[in-house]
C-alpha cells in the first residue's frame, strides 16, 4: 500500500492549510529566494557595463529562448490551474491566466520577431508589431502578478463542486485566448495606429520618448506594486517566489529599455536570458516545492500508518485471497504465537489458522469484500501455534488496485471475553444473591427522574420485567393504609433527607400483601443533582414470623404474669392456709373436747391456746407478705426522664407500628433530673403506653394517636402524661381502674395499673387518670423533685 | 394385734397442722404419730396395726405424691391427702393412685374424721385378708406333693376318675388324697376349697 492511495492523504492534499500557497516559507527557502534575487542583481551589475556591446544577429536565439519560455509558462499555468481546481482560489486562477497568457503571447511575439522565422516576421506584422507585442506580453503578466497579490487574501473554498472550477478554467482560457488574439490583432493590423517604438526595423533605434518609455514605466510600476503587495503579505512560499518573478521582470525591463534599448547587443541577449531564467526558475521551484510537499505529506502519512503497524497495539496483516499472509506486524505474531520466519517462508496461512467452523463464514465475507472493498469488523477465532484458540475482532479492506489483496486489523479479545465472562458471572451471582435474599436494588436520578431496577425488584413488585417504572406505577402497589408512610417519605425527599430506612406494605393485584423494607441512600453529584441507590427487601415471611414471635412473646409474658400471680396466690393461700387449717382443726377439737360427756377441760384449754398461737402465726404471715412488697429495694439514681421515656418509646415502636398508632412526643427541654428507680418508672411508662395502645386497637375513623408529654411540675418535680385517642373510661370508673383485679380487658388481669400506682406512690408521686379533651383518657403521674424517704405501701 | 389401737400417721411440714391434727386424732380415739417430712416417715418401721396416713401434698424434698409412689406396696395403709391449694390434676393423680380422700385446707373436722374412719376400716380389712392368706399358705405348706397335685386338679373341676387318670393313680387313692386335702386345708366343701385356691392364687 502507498500513501497516495490512502483516502486520508487524499483528503490532506485538498486541504489548503497544507499547500505551499498557505505554507509559510522556511528559513532555508527564504535564503534560496534571497540568493536567487542577489544573483539577478549580480548578473545585472555584471552585464550593465557591457550592455551596449553589439554581438551580432543570431536568428535562432529568439525562437529557441521563447520556445523554452513558452513551454515553462505553459507548464506553470497548468500547475496553477490544477492548484486552482483543488483550492478554488481566484488569485490562483488569475495567476494561472497570467502564465497562460504569457505562454500564448510568446507565439506571435516569436513569430513576429524579424529574422526569427521570416525576415520580416509575422504576416501582416509591421515594424512596431514586435515591440508592442513585447509590452502586450509583459504588462498583462505584471497585472496578473498584482492581481494575484491583491486577491490572494481571500479564503480557499475547496467545498465547491469540481464542475464549477472546470467551467471557470475553461472560461478563463477562452478569455485569455480572446485577449491574446485581440492584442495580436491590435499589434498587427492596428500597428499603424500604434505609436512607433522602433524607428529602425533592424537596429531597433527608439522612435519617440513617449512610446518608448510609457509601457516600460507602467510595467515597472505594476511590478513594483505587485512586489510591494507580496512583500507585505509574504506568508507563503509561492508569495516569496512571485516576488522574485516580479523583481526579474523589473530587471529585464530595466535592461531592455534603459540599459540596452538596441537589439542584438549584450543587454538584449542578457534580457532575453533573464526572462528565460525567470520563467524556468519559477517553474522549477513550483515543481520542486509541490513534489517535496507531496512527498512530505506522503511520508508523514506513511509514518503515521507505519506507527500504527509498528506500535503493535493491534495486529495488522496484509493478506491475499489465496490464504497467504504477505506481511504482518509483531502484535499479530504474538497474538497467534507464531515466529516471523513462519511469515517470511510463507508457511503461515490465514485460512489454515482459522478453525473449520469459521471457514464457511470467511468465504461469505471474501465474497462481500470483493464486492465492496471493505468489511465491517467481525469476531472470529484463530488457532495459535500451540493449538489453543484466540478470540479476535477483525476488520479488513482490499487494496484498490487488487481485489485479491488487502489489509486487515486484528484485535485480541481474550481479555475482553474473560472480562465479559467475569462480568456475566458477577451479575449472575448478584442476581442469585438478590433472589435468595429477596432483595431488589434500584437507583433514581433527580435530573432524569428515571428508575433503574434490578430483575428481583420487578419480581417483588410483580411488574413486567423491563417495564418503565414511574412513581405513579409504584404507587399502584401501595397498601392503602400505608400511604401515610409513603407520603412521609416523599416529604423527607422534598426536605432533602438522603438516608431512608422504612418498611411498608404492598397490595398485590391478587389481593396478597407483601411487607417490604426499603433502605436508600442519596448522594449529590457535582451538578447538585441527587442520585439515590437503594435496596428493597421482601420481608413478608420475616415479618410474619416476627408478628408470630411477638404474639407468642406477648402471650408468654401474659402467661408468665398469670403464672407468677397464680404462684403468688398459691403461695399466699398456702402460707395462710396452714395456720388457718390449724386454727379450725384446733377449734373443732376444742368443741369436741368440751362437748364430750365428761368435758376434757385441759384438752380444751390446750387446743384454745394453740388456736390463738396459730391465729397469731397467720397474722405474722400476712405482715411478712406486706413487708415483702414494702421492702422491695429501690435503687435510685438521677434520671433524665426525657431520655428514659425515649428508651421506652423505642421499645414500644414496633408494637405501635403494628397497631398503626402514631406517636407524638412533646418533651420539655428544661426537665430537671429526678432521683428515682429508672427501671420501675420505665415499667410504669411502658405499662401506660401498652394500655393506651390496647385501648385504641378498635379505633377506626380517626387517628390512633398517642401523645407522650413531659413537663416541669411544682417544686422541681416532673409530670409525665400519656394520652390516647381511645374510647375513654366512664368517669365513674376513673378511680376504680387503679384497684387491683379491676379490668375492662377480656384478657387482662387488672393488676397493671395498681402496680403502677404502687410504684409511683413509692416514689412519693401520684398517678391518676382524667378524660381526654375529645376522646380517650390521659394518664399522668408526678415524681417529686426532692424525694425524701420513699413511703411504704 | 388386730385389736390394737389403729395408728394415724400425719406427715406435714407445718407445725400448726401437725399439732392440731395430733390432738384431734387422739381425741377421736386413735393413736397419732406425726412427721414433718417424708424422709422421717420412711424411717419409721412398718407396723401390722391398722393404720392410715394423712399426707400433705406440698412437702419439702420428697412431696406427697412421690411418697405415695414409694409406699404403693403398703395397701394396708390407705392415704388421705390434705393440701393448701388443690388442683384438679394433682387430685386426679392422687385418687388414681389409691388415695381414700383428698381434702383442701382448711378442712372440716368431720370430713377428716370420717375419712380416717374409712381408711382405718379398709386397713383392717386388708390386714385381715392378709392374715387369712398367710394362714392358708401355712396350711398349704403342709400338703404333700401328691396332695397338692390332686388339689390343683380338683379345683379345676375334674372328677375323681379323671384326676386318677391324669395322675396315673386309682380313683380310690384320689379319694383318699382328696380327703386329706379337705382336712388339712380346713375346707368344708369343694366350693370352699375352690375359694381357698383362688385366695392362694393357685392357677389353673
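We did not get these values from a lab; they are worked out from the coordinates using the rules stated. Quick caveat, the model's predicted, so the values are computed rather than measured. No Cβ is skipped: glycine too gets one built from the backbone with ideal geometry, and neighbour counts run over all protein chains shown.
Report relative contact order for chain B in percent, whole number only (criteria: Cα-Cα under 8 Å, sequence separation at least 6).
Details: 271 pairs, mean separation 30.9, N = 204.
With pairs under 8 Å counted, the relative contact order is 15 percent.
Among B:21, B:118, B:62, the largest mean-square fluctuation in a Gaussian network model of chain B, built with springs joining Cα atoms closer than 10 Å, belongs to B:62. Restricting attention to the protein assembly as shown, close to 75% of DSSP beta bridges with both partner residues there are antiparallel. Rounded to the nearest 0.05, what FRET efficiency is calculated for residue B:135 and residue A:548 with R0 set to 60 Å and r the Cβ-Cβ distance? For residue B:135 and residue A:548, the calculated efficiency is 0.30. Once you have a ≥ b ≥ c as the square roots of the Cα gyration tensor eigenvalues for the protein assembly as shown, tell me rounded if a/c is under 1.5, and otherwise prolate or oblate according to whether a/b is larger than b/c. Note, shape of the protein assembly as shown comes out prolate. Straightening the chain between residue A:609 and residue A:322 buys 89.9 nm, computed as 0.36 nm per residue apart minus the Cα-Cα spacing. Between residue A:443 and residue A:660, the FRET efficiency estimated from the beta carbon spacing at R0 = 35 angstrom works out to 0.70. Once the convex hull of all Cα atoms in chain B is built, its volume per residue stands at 145 Å³.
Take the Cα of residue A:397, step 7 Å toward its Cβ, do the same at residue A:414, and the gap between the two points is 2.9 nm. Taking the Cα atoms of the range A:637-783, the ratio Rg/Rh between the radius of gyration and the Kirkwood radius comes to 0.94. Modelled label positions at residue A:523 and residue A:284, each set 7 Å beyond Cα in the direction of Cβ, lie 7.2 nm from each other. Here the gap between residue A:636 and residue A:258, fully extended at 0.36 nm per residue and compared with their Cα-Cα distance, gives a gain of 122.9 nm.
If you plug the beta carbon distance of residue B:26 and residue A:761 into 1/(1 + (r/R0)^6) with R0 = 56 Å, you get a FRET efficiency near 0.65. Residues A:461, A:99, A:294, ranked from the fewest to the most other C-beta atoms within 10 Å, line up as A:294, A:461, A:99. Working from label points 7 Å from Cα in the Cα-to-Cβ sense, the residue A:452 to residue A:533 distance is 1.0 nm.
Comparing B:81, B:35, B:107 in a Gaussian network model of chain B, where Cα atoms under 10 Å apart are tied by springs, the biggest mean-square fluctuation is seen for B:107.
Taking the fewest neighbouring Cβ atoms within 10 Å as the starting point, the ordered list for A:285, A:493 is A:493, A:285.
Cβ-to-Cβ counts within 10 Å put A:753, B:193, B:159 in ascending order as B:159, B:193, A:753, the fewest first. The alpha-carbon atoms of the range A:446-553 define a convex hull whose volume equals 116 cubic angstrom per residue. On full extension, the segment bounded by residue A:513 and residue A:53 gains 153.3 nm, given 0.36 nm per residue less the C-alpha separation. When the convex hull of its Cα atoms is viewed from all sides, the range A:312-412 shows a mean projected area of 5.8 nm².
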